[in-house]
Amino acid sequence: MDERTAHFIETMGLALESDGLPRIAGRIFGLLLVSEDPRSLDDLAAELRVSKGSVSTNARLLEQRGVLEQISRPADRRDYYQVPPDLFSHTMAQRLARWQRFHEAIGSARLSLPIQSSQVLDRLEEYQEAYIYMSRVIKDALARWEAIRESRMSKVGASG
């Protein structure tokens, strides 16, 4: 692997680590982000010089987060991973789902907890209003992005 690619992969490791994931998860993501073809766990472990067990654990974690997808190949028992083609939309939809769960917990607290403080009630109400506004804006932006993406993909398909 060349030095610039190695630097990028390490930068992705640090970026995802600052987001609460293990650094190796970020390194796996970084490598797959710049890989044209899916990679097996063995390939990832060898290229990143880490254990296959660590790669397996972290690849599954990234798959659960929606930033990697596992694929299989006919007559090959190994697991392969790749970045999904709709990575951005997929990860944003997952983030919105996590926000929704948080929002529901806040709404439930507002209605069911014996909160007497107007300051606390105002805080919870402001959060709910901000969530509703931001989720609407993000959903609208994602819909516009999907239209742009589809247009781009159809132009690529027409020229290829």
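The values are calculated or read from the model by the stated rules, or taken from the named source; none is laboratory data. Since the model is a prediction, treat every value here as computed from it, not as a measurement. Don't worry about glycine lacking a Cβ; one is built from the backbone with ideal geometry, like all the others, and counts go over all protein chains shown.
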**Report entry** Selection from region 105-116 of residues that are loosely packed, with under 11 Cβ neighbours inside 10 Å and either touching a residue at least 60 places away in the same chain (Cβ under 8 Å) or closer than 12 Å to Tyr127 by Cα (or both)
**Finding:** Ala105
Query raised in the report: Restricting region 75-98 to residues that are in contact (Cβ under 8 Å) with a residue 40 or more places away in the chain and touching a Lys or Arg at 6+ places or on another chain (Cβ under 8 Å), which is surrounded by the most Cβ atoms within 10 Å (Cβ to Cβ)?
Result: Tyr81
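For (1) within 24 Å of Glu146 (Cβ to Cβ); (2) among the hydrophobic types (A, V, I, L, M, F, W, C), each residue gets a yes or a no:
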| site | (1), (2) |
| --- | --- |
| Ile28 | no, yes |
| Val50 | no, yes |
| Thr57 | no, no |
| Leu61 | no, yes |
| Leu68 | yes, yes |
| Asp86 | yes, no |
| Arg95 | yes, no |
| Gln100 | yes, no |
**Report entry** Subset of region 123-137 [within 20 Å of the chain's Cα centre (by Cα) and of a type in the set (S, T, N, Q)]
**Finding:** Ser135
Query raised in the report: In this structure, does Arg123 turn out to be at pLDDT below 85, more than 21 Å from Phe88 (Cα to Cα) and not small (Gly, Ala, Ser)?
Result: no
Query raised in the report: With respect to the numbered conditions (1) surrounded by fewer than 14 Cβ atoms within 10 Å (Cβ to Cβ); (2) touching a Leu at 6+ places or on another chain (Cβ under 6 Å); (3) among the charged types (D, E, K, R), which one is the sole condition not fulfilled by Arg101?
Result: (2)
Requested in this report: Being in a helix (DSSP H, G or I) and β-branched (Val, Ile, Thr) is the filter; apply it to region 25-71 and report the residue that is surrounded by the fewest Cβ atoms within 10 Å (Cβ to Cβ).
Outcome: Thr57
Query raised in the report: Counting just the residues of region 12-24 that are surrounded by fewer than 21 Cβ atoms within 10 Å (Cβ to Cβ) and of a type in the set (Gly, Ala, Ser), which one comes out nearest to Asn58 (Cα to Cα)?
Result: Gly20
